[in-house]
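The values are calculated or read from the model by the stated rules, or taken from the named source; none is laboratory data. Keep in mind the model is a prediction, meaning the values are calculated, not measured. Note that each Cβ is placed from the backbone with ideal geometry, even for glycine, and that neighbours are counted across all protein chains shown. Just so you know, the surface numbers come from the protein's heavy atoms only, side chains and all, with ligands and any DNA or RNA stripped out. Shrake-Rupley method; radii C 1.70, N 1.55, O 1.52, S 1.80 Å.
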Amino acid sequence: MKRALLLATLLAPLPALAQHAPYAGLERREIRALSAAQVEDLLQGRGMALALAAELNGWPGPSHVLEHAEALHLSADQRRATETLMAAHRARAMTLGRQIVEAERELDRAFRDRSVTPATLAAQTDRIGALQAALRAEHLGTHLEQTALLHPPQVARYAALRGYAGGTPAPEGHRHRH
């Protein structure tokens, strides 16, 4: 009886300890700093909310423009141009995503095998940061290109279809490039 009580007393704090270890289990990931979903998003060129500054301020993105093509009354030329933009964007985003995944894998490996030094750490994180910035610029820039393909009423309709009709439309000088 005393042993059972002692064991229960000793084990009681373990759930509390687990609550203070939010990263427990993440050490089993292939790349510790990235979830499987993040890796997949990067490799597939998905948006990952990188273009919210554009999207929520009235600069439509091609994926959702194509999704709402009928409701936006895209012309055949607008549809073709948007499809071309989306394909080129996706290819560039996937290339950058693969580079980010590989750079994160190298950083993880350097820590795992204890070969990281202050100099290699600086170089690797600078590379990752530059790649992440390039990926975000790619996503945001695509919204600028897409908006230039649309007419102001289409931009306003897009915002309404997406549920944020109060968004500020993009400046007039950035539209009508067709």
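Consider the stretch 53-80. How many of its residues are open to solvent by 30 Å² or more (accessible area, probe 1.4 Å) and either touching an Asp or Glu at 6+ places or on another chain (Cβ under 9 Å) or outside any helix (DSSP H, G or I) (or both)?
The qualifying residues number 8.
Checking the conditions here, which among 114, 136 is in a loop (DSSP other than H, G, I, E, B) and open to solvent by 70 Å² or more (accessible area, probe 1.4 Å)?
114
What are the pairs with Cβ atoms under 6 angstrom where one residue, in the stretch 141-156, is more than 18 Å from residue 49 (Cα to Cα) and open to solvent by 10 Å² or more (accessible area, probe 1.4 Å) and the other, located anywhere, is among the aliphatic types (A, V, I, L, M) and modelled with pLDDT of 95 or more? Sequence gap at least six, or different chains.
149/81; 154/72
Which one of 87, 103 is surrounded by fewer than 18 Cβ atoms within 10 Å (Cβ to Cβ) and assigned to a helix (DSSP H, G or I)?
87
Out of 112, 127, 90, 136, report the one residue that is within 18 Å of residue 35 (Cα to Cα) and among the charged types (D, E, K, R).
It is 112.
How do the pairs read when you match residues in the stretch 99-116 that are touching a residue at least 12 places away in the same chain (Cβ under 8 Å) with residues anywhere that are open to solvent by 60 Å² or more (accessible area, probe 1.4 Å) and part of a helix (DSSP H, G or I), using Cβ under 6 Å and keeping only pairs 6 or more apart or on different chains?
Between residues of the stretch 99-116 that are touching a residue at least 12 places away in the same chain (Cβ under 8 Å) and residues that are open to solvent by 60 Å² or more (accessible area, probe 1.4 Å) and part of a helix (DSSP H, G or I), the close pairs are 103/127.
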